[in-house]
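Before any comments, here is the structure.
Derivation of every value follows stated rules applied to the coordinates shown; laboratory data play no part. As the structure is a computational prediction, the values presented were derived from the model and not from experiment. All Cβ positions, glycine included, derive from the backbone under ideal geometry; neighbour counts span all protein chains shown.
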Amino acid sequence: STANAPEDDAPNRYSRTERTTYSRYSRDANSSGSSLPSNTLEKRIEELERELAKERQENARLVKMTQDKEELIGKLKEEIDLLNR
């Protein structure tokens, strides 16, 4: 059950990242005196959200792959122990 713990933390970690990213872009937009049209910023936000979704998907795939490999390693260690006896 401890193998699932990092995965459980993922939504919290991502929401913090999103808040930080959003507030950073908001500050940049406010400090620039709205030099960029809001639709340009909205398109950029949408682009970043799509990129974030892809990265989350890739992260989930890598976490699953790592868990599968750790499970295989455990099974192989058990098999080695049995063979050594």
- Note on the structure: Here the net charge surrounding GLU78, from other residues whose Cβ is less than 14 Å away from its Cβ (Lys, Arg +1; Asp, Glu -1), is -1
- Could you check the simple spin-label distance between LEU83 and GLU47, using points 7 Å along Cα→Cβ, in nm with one decimal? 5.3 nm
- Query: For segment 37-84, max minus min Cα coordinate along each principal axis, in Å, sorted largest first?
  - Reply: 70, 7, 5
